[in-house]
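Here the structure comes first, spelled out in structure tokens, and everything after it is commentary.
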Amino acid sequence: MPGSVTEDALTVLSNLVGDDLETCNRVIVARMHSPVELIPRLAAHLVAAGGKRIRPMLTLAAARLSGYSGARHINLAACVEFIHTATLLHDDVVDESTLRRGLASANAVFGNKASVLVGDFLFSRSFELMVEDGSLAVLAILSAASSTIAEGEVLQLVTQNDLATTEAQYLEVIRCKTAALFAAATRIGAVVADRGPEEERALEEYGLNLGIAFQVVDDVLDYGAEQARLGKTVGDDFREGKVTLPVLLAYAAGDEEERVFWRRVIEAQEQNDDDLATAMRLMARCGALAESIRRAEAYGERARAALAAFPDCAERRALSGIVDFCIARVR
């Protein structure tokens, strides 16, 4: 079953890096501490909501794949998770989300101001960890990724509600807002191991394509998942007028009547209770969701191919399995 594929891939990876991940989690909890009482309270809410820790696990596994045997990768994995969590806090405020991982989002519980400021705190913690590591190469990679994520979020804001957005622009949005951190998370595994530029590029290519596949699947799930499995309200992207790949494909394939519908619900933001179901029906009829999944699978294969720069081993097989995890979420 697809679910078992997903869980098996995650279990294999988490077992492989289990000791390092446990230490990384302790670093995360310790660095979330602050004498300002609201910060650990909000942070505890985030920890209670769970999260698969995919990005830090990628850093830990990439370092092991690269032959690293030290401890620097643990703090850097925590750094990656802080960057990711900070962006989630800010995203939920921008998107006015009320759910995160199936629970009330931090902004719904603590308010927008607290969420933004604690997000800033976590960004700052991530930079403290980068500086403590002492590598200018690592600092350059992770700070560039942080800037790129912000650019992606702004670009998404600019393209929101605009059906003139091209597929290239959509891909640039998800490259920036999601894939850039995946790419940085895996690339630094090669950097701490002092591997050459070929291995660095291979792991960066793996992470980038994995991140794109991950986000395309997320965009499909907004139109085809149960709320409990998605961890947020189904149709959030639709209600916000986000121009994702399924929308672009359905709009391009639609007749004039269907395009009028898409312009009304996405651009004009005039929606009624039946419109999400209509959107899903139109996507199913023209194969927009199936085609989006096919595109995600193609990026997943690119990610898998990038691992060929490394010999066959448990770490390489586990990272390859995470490609299956990304795609299986939509099955």
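Miscellaneous remarks
- Over all other residues within a Cβ to Cβ distance under 12 Å of Gly152, the charged ones net out to -2, with Lys and Arg as +1 and Asp and Glu as -1.
- Check: the chain dipole with +1 on Lys, Arg Cβ and -1 on Asp, Glu Cβ, in debye: 740 debye
- Spacing of the two label points (7 Å from each Cα toward its C-beta) at Asn15 and Val47, in nm: 2.7 nm
- Based on Cα contacts under 8 Å between residues 6+ apart, segment 230-331 shows a relative contact order of 25 percent.
- Ranked by the mean number of other Cβ atoms within 10 Å of their residues, highest first, the peptides 66-73, 139-146, 265-272 come out as 139-146, 66-73, 265-272.
- Summed side-chain charge close to Cys286 - residues other than Cys286 whose Cβ falls under 11 Å, Lys, Arg +1, Asp, Glu -1: -1
- Cα centroid separation - segment 27-79 against segment 280-331, whole Å: 25 Å
- Considering all different alpha carbon pairs of segment 133-292, the Kirkwood hydrodynamic radius works out to 17.0 Å.
- Nonpolar atom fraction for segment 112-156, defined as the carbon and sulfur part of the 1.4 Å probe accessible area, stands at 66 percent.
- Solvent-accessible area per residue for the chain (1.4 angstrom probe, square angstrom): 43 Å²
- Selection from Gly67, Ala77, Asn107, by position along the positive dipole direction of segment 62-132 (Cβ): Gly67
- Cut-off 14 Å between beta-carbons: net charge of the residues surrounding Leu21, Lys and Arg +1, Asp and Glu -1: 0
- Ellipsoid semi-axes in whole angstrom, largest first, where each is sqrt(5λ) of the Cα gyration tensor of the chain: 33, 24, 17
- Gyration tensor (Cα) of segment 181-274, equivalent ellipsoid semi-axes in angstrom: 38, 15, 9
- From helices alone, the chain scores -24000 deg cm²/dmol at 222 nm; the rule is -39500 (n - 2.57) for each run of n ≥ 4 DSSP H residues, then divide by the residue total.
- The trypsin sites (Lys or Arg not before Pro) found in segment 229-281 include none that occupy coil by DSSP while having at most 12 further C-beta atoms within 10 Å.
The values are calculated or read from the model by the stated rules, or taken from the named source; none is laboratory data. The shown structure was predicted, so the numbers you read here are calculated from the model rather than taken from an experiment. Ideal geometry is used to build each Cβ from the backbone, glycine not excepted, and the neighbour counts take in all protein chains shown. Note: areas computed on protein heavy atoms with side chains; ligands, DNA, RNA excluded. Shrake-Rupley method; radii C 1.70, N 1.55, O 1.52, S 1.80 Å.
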